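Asks: Dumping the structure here so I can ask a few things about it.
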Amino acid sequence: MSALVSAGKAETAEEAGAPPAPYGFRGGAAEALSVPHALRDGRFWQYAGPPEPTGESYDLVVVGGGLSGVSAAYEWLRRDPGAGVLVLDNHDEIGGQARRAVFHRQSGRAHTDPGLTDGVMCDAESFGADTLVRFESDWMARLPIDGRAREDLRLLHREPPDWFPGLSAEGKQERLAELTYSAFLLEVCGAHPDVERFCRSMSCQEWGYDTRALGAIDAWGTGYPGFAGLGLDANKPSRFNSPTVKKQWGITDPDIYHFPEGNQALVRTMVHRMLPDPAALDRPGNRVRFRLSSPVVSVHDGAASATVGYFDGHQIMTVDAGAVILACWSAVIPYLMPELPPEQRQALSEAVRVPLLHATVRMRDGDAWRRTGVRRVRWTGAYWALTELDPPRHAGGPAIVHLLATPCRSELGPAAGAVAGRRELIKTPYEHLEHTIRDQLARLLGPGGFDPARDIEAITINRWGHGNAPEYCRPWHMFYPDGPFPVDTARRRFGRIAIAGSDSAPAPRADAAVTAAYRAVEELAR
């Protein structure tokens, strides 16, 4: 994670909701990624000096201080309260991506403004000019799209035909499993290109990529328009649906109930229970010690114990471990453990994460949102795909706005698109990202009297070049759902070393990260 703050007035980092020393890139920037990138590029060991033992020995060393790593430490200590545990992480704070905002519809019982509605910005990037359309009665009539496209969209929403007459239900599902949702709209439905352009960013919030990469089978399973005429059984998922769609099947309440701090609240709760003084993360005598800004560079399983080496900013230090849990990105593990079997190294390297950007903007108040009449707006083609208001808790108080961007080059597919998008993201300076935020908010809220120079008090950008863990889904993984699955090879235990993290599920969900941690602890306890 990285965080950046541009303040319009004097404000502490804590007031802005950002970590200390907020200016400049943090987390997913050079300070955290320089060592992993040097390992990847083969440059680290030619300049690294000899390792120096610290003399420390732990029952468990966890590599990765995100939700999965903290969960692994917590479960290990629950089973053995007298154990000594060390958690190492390359970032300078605990929690990793657990800090990221939750971009789901807020609970109806949450603090919201009843006078606001959701909407879509048919933006200049897609349609030549900005047109905000609120989701009110007959909203499709107000869309700035071709007349034929409007009729096609109405058909898809209201009475779509059976696009595959003569095929069995299984045959229809197999056909959908071969297509993306964009291809389904254009090639099967014959929809006007404006329809595909309007729908393209619908999947960005949940998947980190647009409908050019989203499988049509998962679009059907998630309730996207165009499938009602197929006559498929809505009471059960298709065997071709992704694991996440299967897991969420049958949930009729679209509201997602979550902690105010997102998954970071879970991390904080576990850390507070493990540490008598959470401010003293690396104090001798703690049941668990957290050593931050300490990227791990080597993990070896020896005859009597495992040895874990990390870089402390000056040299390589080593600790001994009775057991090791790797709760870091799976793609990093082959560089830490070159002695792994070739097939396991290959399987680990296939876990290509999807890049994400989340931004939090502190505004002087929410008056411009109320005058504009919207709370949550999807953009059809602009850089930030989603803008959402967290209304002030009292009249006249500051308002918080969340934004989501998905840099994945979706036209290339999830994996190749993630790699290309990540390269572009790393080269994008903060100043440009700040400009796009101010520009889009001005375009959205300007008619309501919003002035970015006057009304924006602070901007925090959380950048994850390696964001969502990959998930097996059609049409990109033709081995799914029958297998064999690369993850089964990737997460094999290696002596005293087990592998956790959401990559090992694989799924980009908090429950997957926690489940992977418990599985790794159980493997080492056998």
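The values are calculated or read from the model by the stated rules, or taken from the named source; none is laboratory data. Because the structure is a prediction, the values reported are computed rather than measured. Reconstructed Cβ throughout: ideal geometry from the backbone, glycine too, with neighbour counts over all protein chains shown. The protein model used for the area step is the full one, side chains on, heavy atoms only, and it has no ligands, DNA or RNA in it. Shrake-Rupley method; radii C 1.70, N 1.55, O 1.52, S 1.80 Å.
Asks: Accessible area per residue for the chain in Å², computed with a 1.4 Å probe and the full protein assembly in place, what is it?
Replies: The answer is 42 Å² per residue.
Asks: Also, quick follow-up: Could you compute how much accessible surface T244 exposes when probed at 1.4 Å, giving the result in Å² to the nearest 10?
Replies: Looks like 20 Å² after rounding.
Asks: While we're looking at this one, here's another question. With both partners inside the chain, how many of the DSSP beta bridges are antiparallel, as a percent to the nearest 5?
Replies: 65
Asks: Okay, next question. Would you kindly state how much longer the chain becomes between S57 and T117 on full extension, computed as 0.36 nm times their sequence separation minus their alpha carbon distance, in nm to one decimal?
Replies: 15.9 nm
Asks: Treating the angle as unsigned and between 0 and 90°, give the value, to the nearest 10°, between the Cα long axis of helix 430-445 and the longest Cα principal axis of the chain.
Replies: 30
Asks: A further question on this structure: Cα centroid distance between segment 401-439 and segment 269-307, in Å?
Replies: 33
Asks: Report the relative contact order of segment 143-206, percent, no decimals, based on alpha-carbon pairs under 8 angstrom and at least 6 residues apart. It would help to have the intermediate numbers written out before the result.
Replies: Working: 27 pairs, mean separation 28.3, N = 64.
It comes to 44 percent, rounded to a whole number.
Asks: Students sometimes get this wrong: rank Y74, Y181, Y383, Y224 by accessible area, probe 1.4 Å, all chains present, largest first.
Replies: On the way: Y74 55, Y181 0, Y383 80, Y224 30 Å².
Result, largest first: Y383, Y74, Y224, Y181.
Asks: Return one number: the angle in degrees, 0 to 90 and rounded to the nearest 10, between the long axis of the Cα atoms of helix 510-525 and the longest principal axis of the Cα atoms of the chain.
Replies: 30
Asks: Given H placed on each backbone N at 1.01 Å, which residues far from G66 in sequence or on other chains put an amide H within less than 5 Å of it?
Replies: Residues meeting the criterion, in which the H sits 1.01 Å from N, are G95.
Asks: Using θ = phi - 60° and the Karplus relation 6.51 cos²θ - 1.76 cosθ + 1.60, list the HN-Hα couplings for segment 464-470 in order, rounded to whole Hz, with x at every Gly or Pro.
Replies: With coefficients 6.51, -1.76 and 1.60, one gets 10, x, 10, x, 5, 5, x Hz.
Asks: Taking all protein chains in place and a 1.4 Å probe, what share, in percent, of the accessible surface of segment 436-526 do carbon and sulfur account for?
Replies: Details: 1780 of 3280 Å².
After summing per-atom areas, the C and S share lands at 54 percent.
Asks: Given a Förster radius of 22 Å and the C-beta distance between H157 and A234 as r, what FRET efficiency does 1/(1 + (r/R0)^6) yield to the nearest 0.05?
Replies: Step by step, r from the Cβ atoms, then E = 0.85.
Asks: To the nearest 10 degrees, how steep is helix 30-40 against the longest Cα principal axis of the chain, on a 0 to 90 scale?
Replies: Computed tilt is about 70 degrees.
Asks: Sort the following peptides by mean Cβ neighbour count (other Cβ atoms within 10 Å, averaged over residues), highest first: 427-433, 443-449.
Replies: 443-449, 427-433
Asks: Additional query: Run the numbers on the chain and let me know its relative contact order in percent, using alpha-carbon pairs under 8 Å that are six or more apart.
Replies: 23
Asks: While we're looking at this one, here's another question. To the nearest Å, what is the center-to-center distance of segment 383-400 and segment 162-225, using C-alpha atoms only?
Replies: About 32 Å separates the Cα centre of segment 383-400 from the one of segment 162-225.
Asks: Please go through segment 139-206 and write out the GluC sites (Glu not before Pro) that DSSP classes as loop and that have at most 16 other C-beta atoms within 10 Å.
Replies: Of the GluC sites (Glu not before Pro), the ones in loops of segment 139-206 whose Cβ has at most 16 other Cβ atoms within 10 Å are E178.
Asks: Subtracting the Cα-Cα distance from 0.36 nm times the residue separation, let me have the gained length for A395 to W476 in nm, one decimal.
Replies: 24.3 nm
Asks: Can you tell me the order of 354-366, 487-499 when each peptide is scored by its average per-residue count of other Cβ atoms within 10 angstrom, highest first?
Replies: Output ranking for 354-366, 487-499: 354-366, 487-499.
Asks: Determine the relative contact order of segment 388-526: mean sequence separation of Cα pairs under 8 Å and six or more apart, normalised by residue count, in whole percent.
Replies: 13
Asks: At R0 = 35 Å, how high is the FRET efficiency between A442 and A141 if r is their beta carbon distance? Nearest 0.05 is fine. Please report the intermediate quantities before stating the final value.
Replies: On the way: r = 27 Å, r/R0 = 0.77.
Calculated transfer efficiency: 0.85.
Asks: Now a separate question. Carbon and sulfur together cover what percent of the accessible area of segment 236-377 at a 1.4 Å probe radius?
Replies: Roughly 53 percent, rounded to a whole number.
Asks: Extending each Cα 7 Å along its Cβ direction at A525 and Q315, get the distance between those two points in nm, one decimal.
Replies: So the label points at A525 and Q315 sit 3.9 nm apart.
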